[in-house]
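Enquirer: My questions will all concern the structure given below.
The values are calculated or read from the model by the stated rules, or taken from the named source; none is laboratory data. Note that the coordinates shown come from a computational prediction; the quantities given were computed from them, not determined experimentally. Cβ: placed from backbone, ideal geometry, glycine included. Neighbour counts: every protein chain shown.
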Amino acid sequence: MRFALVNGEKREAKPELKGICPNCESEMIPKCGKIKIWHWAHKGQPPCDPWWESETDWHRNWKNNFPKEWQEVTHIDEQSGEKHIADVKNPFGLILEFQHSPLKFEERIAREKFYDNLIWIVDGIDNKPYFNISISSKPIQDKPLVYKINWYGRSKIFHNWIDSNARVYIDFGEDVLWRLLLFDKRKKVGALGPIHKYMFIEDCLTGTEISALRSDK
Ligand SMILES: [Zn+2]
């Protein structure tokens, strides 16, 4: 994890520090090596949240767009007492989960059920070359903008995410994010709506409905 509590304060991992997990209150140790991004790990045990995914620069860069207080927030289901750590939770109750690795179907369903107001941001950077040749050069709709995708890639990224009950935005490493709108698994044809990343972030920061790009903007 990025943060642990050190004397009650949310701190990033540094050698010599000792921390407490804000989620389960067990001891955490700083992992400050040369290969993996600096992070905190539970001492002698696996992460207390089975949904936790080890972080990459991609996760960190995304999370850094939001205040520290909004990152790695424990979310508790008041009825069952079940708790999980949200990547980002804004004060308006919106949860952002940044997903780098493929997710098992059952886990995706469970996570969508747990968080009422959830947006997935999926790391699609490995698929960028195929994305570039699969996306239509002109929009098929102007207001809001929608592009057609004729998927040539082998990856199941669209197959796996189209049935999600939450909103799904794919990050192909560009200045825009692409919202997954439609995908026909058999024909491998679908529709995506673009939004500038800075606009998406601004909407999350201000708690407004996420905009969609229009041809006149
Ligand atoms: Zn913990």
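Enquirer: With the checklist (1) over 16 Å from the mean Cα position of the chain (by Cα); (2) modelled with pLDDT of 95 or more in hand, flag the one item residue 154 doesn't pass.
Expert: Of the numbered conditions (1) over 16 Å from the mean Cα position of the chain (by Cα); (2) modelled with pLDDT of 95 or more, the odd one out for residue 154 is (2).
Enquirer: In addition: I'd like to verify a number: residues in the stretch 22-67 that are within 25 Å of residue 123 (Cα to Cα), out of contact with any Cys (no Cβ under 7 Å at 6 or more places or on another chain) and within 16 Å of the ligand (Cβ to nearest atom), how many?
Expert: 13
Enquirer: Based on this model, can you work out whether residue 54 counts as of a type in the set (Ser, Thr, Tyr), surrounded by fewer than 17 Cβ atoms within 10 Å (Cβ to Cβ) and touching a residue at least 12 places away in the same chain (Cβ under 8 Å)?
Expert: Yes, satisfied.
Enquirer: Would you call residue 215 of a type in the set (Gly, Ala, Ser), at negative phi and within 18 Å of the chain's Cα centre (by Cα)?
Expert: no
Enquirer: Here is a further query. Just name the residue that is nearest to the chain's Cα centre (by Cα) out of those in the stretch 89-140 that are β-branched (Val, Ile, Thr) and within 15 Å of residue 160 (Cβ to Cβ).
Expert: 121
Enquirer: Here is a further query. Which residue out of 185, 156, 138 is over 26 Å from residue 66 (Cα atoms) and touching a His at 6+ places or on another chain (Cβ under 8 Å)?
Expert: Answer to the selection: 185.
Enquirer: Could you give me the residue pairs with C-beta distances under 6 Å whose first residue belongs to the stretch 2-31 and is among the acidic types (Asp, Glu), whose second residue is within 12 Å of the ligand (Cβ to nearest atom) wherever it lies, and which are 6+ apart or on separate chains?
Expert: 27/43
Enquirer: Spot the failing condition for residue 60; the list is (1) in a helix (DSSP H, G or I); (2) under 19 Å from residue 168 (Cβ atoms), and only one is missed.
Expert: Against the list (1) in a helix (DSSP H, G or I); (2) under 19 Å from residue 168 (Cβ atoms), residue 60 comes up short only on (2).
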